[in-house]
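What follows is a set of notes on a single structure, which appears directly below.
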Amino acid sequence: MEQCLYKRKSDGIYLINLKRIWEKFLLAACAVDATENSTDVSVVTSRSTGRQAVLKFSAATGATPTADCVTPGSFTHQIQAAFQEQRLLVVTDLRAAHQPLTQVSYVNLPTIALCNTDSTLCSLGIAIPYSNKGPHSGGPRWWVLTLEVLRMRGTIARGHPQEIMPDLYFHTHLEETEKEEQATAEKAVTKEEFRCEWTALAPEFTATQPEIPDWSAGV
């Protein structure tokens, strides 16, 4: 991964060269496009933060997604029910997907992986460098890879605005989304009640005034 690094900061954080990232994206898109049958491309992720991106990539390109743990022997044992005879493997994280990487190394299957700066490149064909520490770091990478594959296939043009939104590839927690929607609804109700209190009409003053006797009557 040293050839993909730009420099190292004083706090020990490595900066990745953007030119190298773009070259790796083009190379990976060429490998996916060169596969005759799109279903022969297997996309694997074992992390919950990468499921949304993998499913969106597979839906757009026609690849076979595996958004969960891979069963041992899925790429090597033909007598297994979950056996897949794939032509290309794409993984989100090398550390989380060490089991399928070990399996495909036995059958010499080409592999593409999104790697961090501290990842090992053993049994790997194409490594796309990026930081995979954050929950939303993988979404933009899968979005760019999807666009490049569709552009090479001629599905979309490079000069026209894209209809595929990148936020669809971001991981979202259902519980956090429900909490945010509930909090937004509570704020809207509170504002409406406060507005009703100020806009309500004041009651009319109907009390009778006491009669004041004329002080000059007894003079």
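The values are calculated or read from the model by the stated rules, or taken from the named source; none is laboratory data. Everything quoted here is computed from the prediction, not taken from an experiment. Methodologically, a virtual Cβ is constructed for each residue, glycine included, from the backbone with ideal geometry; neighbour enumeration extends over all protein chains shown. These accessible areas exclude ligands, DNA and RNA; they are computed on the full protein's heavy atoms, side chains included. Shrake-Rupley method; radii C 1.70, N 1.55, O 1.52, S 1.80 Å.
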Please find, within the stretch 52-65, the residue that is modelled with the lowest pLDDT out of those that are polar (S, T, N, Q) and open to solvent by 30 Å² or more (accessible area, probe 1.4 Å).
Q52
I'd like to check something: does the stretch 114-133 contain any residue that is free of Cβ contacts under 8 Å to residues at least 24 places away in the same chain and surrounded by 22 or more Cβ atoms within 10 Å (Cβ to Cβ)?
no
Hits in the stretch 120-137 (condition: farther than 19 Å from K9 by Cβ and among the hydroxyl-bearing types (S, T, Y)):
T120, S123
Give the number of residues within the stretch 22-38 that are open to solvent by less than 60 Å² (accessible area, probe 1.4 Å) and of a type in the set (S, T, N, Q).
2
Looking only at the stretch 67-88, filter to residues that are open to solvent by less than 30 Å² (accessible area, probe 1.4 Å) and not hydrophobic (A, V, I, L, M, F, W, C); which one of those is nearest to T35 (Cα to Cα)?
Q86
Scan of the stretch 134-154 for residues that are touching a residue at least 24 places away in the same chain (Cβ under 8 Å) and among the polar types (S, T, N, Q), ordered by number:
T146
